[in-house]
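Have a look at the structure below, then the notes.
The values are calculated or read from the model by the stated rules, or taken from the named source; none is laboratory data. These numbers were taken from a predicted model, which means no experiment stands behind them. All Cβ positions, even for glycine, are placed from backbone atoms using ideal geometry, and neighbour counts span all protein chains on display.
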Amino acid sequence: MNTNVNYYISAFDKNGKRLASNILNNAYDDKEVKANSESLKKIDGVEVIEVSTAEDYIAYLNGKIRDTTTGKPVDPPEPVFSDEETRAIKANAIAARYSSQVTELKDAMVTAQLSGDTDLAKSLTDEYKATMNAYSKELEELK
């Protein structure tokens, strides 16, 4: 990504996430840097205000965070999920896996009942119950 701007001044939170940035016309103009710093300090959660190059700014736009040791853009840490969050993610995956099958069975049961095909309706009902039991069993195994 090309830009006609050479420097930005950015505000970061305690975890290095960029909260806001302003363009600097002259990174060596102390008055401009101070004025921009003052406006950025008003943002909740600001821990660090720093002048950065356009290259670093673009890295922040692309999801990098400011390393608290080096001050350079780095990949953010992998998210850490609690046991409850992990179970919820797995439960959602199980639900997604069964969703279309359950919908198709329900639609087929309604069609069979409306057309008076009691044998097919019973067969589909049995298949639906077996599918729901398997779904419930997988969810129970998450606990």
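Show the residue pairs that are 6+ apart or on different chains and have beta-carbon atoms under 8 Å apart, the first residue being within the stretch 95-107 and within 18 Å of Glu140 (Cβ to Cβ), the second being β-branched (Val, Ile, Thr).
Once the first residue is within 18 Å of Glu140 (Cβ to Cβ) and sits in the stretch 95-107, its partners that are β-branched (Val, Ile, Thr) give Tyr98/Thr131; Val102/Thr131.
Condition test on Glu55, is it closer than 30 Å to Asn6 by Cβ and touching a strand residue (DSSP E or B) at 6+ places or on another chain (Cβ under 7 Å)?
no
Test of understanding: among Asp56, Asp44, which residue is over 15 Å from Lys14 (Cα atoms), over 18 Å from the mean Cα position of the chain (by Cα) and of a type in the set (D, E, K, R)?
Asp56
Could you identify the single residue in Gly16, Gly71, Gly45 that is at positive phi, modelled with pLDDT under 95 and of a type outside the set (Lys, Arg)?
One residue alone meets the criteria, Gly71.
Only residues that are in a strand (DSSP E or B) and surrounded by fewer than 16 Cβ atoms within 10 Å (Cβ to Cβ): list them for the stretch 23-47, please.
Within the stretch 23-47, Ile23 is the sole residue that qualifies.
Within the stretch 99-108, can one find any residue that is assigned to a helix (DSSP H, G or I), of a type in the set (A, V, I, L, M), exposed (fewer than 14 other Cβ atoms within 10 Å of the Cβ) and on the phi < 0 side of the Ramachandran plot?
Looking for residues that are assigned to a helix (DSSP H, G or I), of a type in the set (A, V, I, L, M), exposed (fewer than 14 other Cβ atoms within 10 Å of the Cβ) and on the phi < 0 side of the Ramachandran plot, one finds none in the stretch 99-108, hence no.
Here is a list of conditions, (1) in a helix (DSSP H, G or I); (2) under 30 Å from Ile9 (Cα atoms), and Glu78 meets all of them except one; can you say which number that is?
With (1) in a helix (DSSP H, G or I); (2) under 30 Å from Ile9 (Cα atoms) applied to Glu78, the lone miss is (1).
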